[in-house]
1. Check 3, 23, 99 and return the single one that is within 14 Å of residue 131 (Cα to Cα) and touching a strand residue (DSSP E or B) at 6+ places or on another chain (Cβ under 7 Å).
2. What are the residues in the stretch 104-133 that are out of contact with any Phe, Trp or Tyr (no Cβ under 9 Å at 6 or more places or on another chain) and crowded, with 19+ Cβ neighbours inside 10 Å, if any?
3. Mind listing whichever residues of the stretch 89-99 are surrounded by fewer than 13 Cβ atoms within 10 Å (Cβ to Cβ) and either in contact with a helix residue (DSSP H, G or I) (Cβ under 7 Å, 6 or more places away or on another chain) or in contact (Cβ under 8 Å) with a residue 40 or more places away in the chain (or both)?
4. I'd like the full set of residues that are charged (D, E, K, R) and farther than 23 Å from residue 103 by Cα, limited to the stretch 36-67.
5. (1) out of contact with any helix residue (DSSP H, G or I) (no Cβ under 6 Å at 6 or more places or on another chain); (2) touching a residue at least 40 places away in the same chain (Cβ under 8 Å): which one isn't true of residue 125, the others all being true?
6. Can you tell me which residue in the stretch 58-80 is farthest from residue 125 (Cα to Cα), limited to those that are among the aliphatic types (A, V, I, L, M) and within 12 Å of the chain's Cα centre (by Cα)?
7. Restricted to the stretch 10-36, and to residues that are crowded, with 18+ Cβ neighbours inside 10 Å and small (Gly, Ala, Ser), which residue is nearest to residue 111 (Cα to Cα)?
8. Go over the candidates 65, 71, 79 one by one and state the one that is modelled with pLDDT of 95 or more, hydrophobic (A, V, I, L, M, F, W, C) and exposed (fewer than 14 other Cβ atoms within 10 Å of the Cβ).
Amino acid sequence: MHEYEKLDHTADAFVRCTGKTLEECFENAAYALFDQTVDLRSVSPVEKIHVETSGETAEERLFNFLDELLFIEETERLFLCGFKVVFEDDKVICDAVGERLNFDKHITRTEVKAVTYHMLEVNENGPYVTVLFDI
């Protein structure tokens, strides 16, 4: 079950992602990122990738992680629908699954242009994260 909700925002996509752990919140933020562009219910888990990013703060780790995933989407047209995130010191390590864009199969939505630092929040006590995607 992917736990994220869209929050009101005038022009961009603003989401709050929850979970039992902060790693699960990161997984749900990744899901929310891709779900803005393609209805992920139409994406099958046929390709696997491994991603590692890092950052000094929790917010920097979240930003760098999502920014790397957006880069993969843009350059490889790979839409990821399943995520397993673990933290190791200042690293975010993710194994993900998905498939390449197929206009005959996938229901497209809108393009995410960027992950932003504006309103980015990591709350370890919730736990939850909030992210504003520039669309």
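The values are calculated or read from the model by the stated rules, or taken from the named source; none is laboratory data. It should be emphasised that the depicted structure is a prediction, and the values quoted were computed from it without experimental measurement. Because the Cβ atoms are built from the backbone with ideal geometry, glycine has one as well, and the counts that use them run over all protein chains shown.
1. Answer to the selection: 3.
2. First, the residues of the stretch 104-133 that are out of contact with any Phe, Trp or Tyr (no Cβ under 9 Å at 6 or more places or on another chain): 104-105, 107-111, 118, 123-128.
128 - this is the single residue of the stretch 104-133 that is out of contact with any Phe, Trp or Tyr (no Cβ under 9 Å at 6 or more places or on another chain) and crowded, with 19+ Cβ neighbours inside 10 Å.
3. None - no residue of the stretch 89-99 is surrounded by fewer than 13 Cβ atoms within 10 Å (Cβ to Cβ) and either in contact with a helix residue (DSSP H, G or I) (Cβ under 7 Å, 6 or more places away or on another chain) or in contact (Cβ under 8 Å) with a residue 40 or more places away in the chain (or both), so the list stays empty.
4. 52, 56, 59, 60, 61, 67
5. (2)
6. Here the residue is 72.
7. The qualifying residue nearest to residue 111 (Cα to Cα) is 13.
8. Working: 65 fails: exposed (fewer than 14 other Cβ atoms within 10 Å of the Cβ); 79 fails: exposed (fewer than 14 other Cβ atoms within 10 Å of the Cβ).
Just one listed residue meets the conditions, 71.
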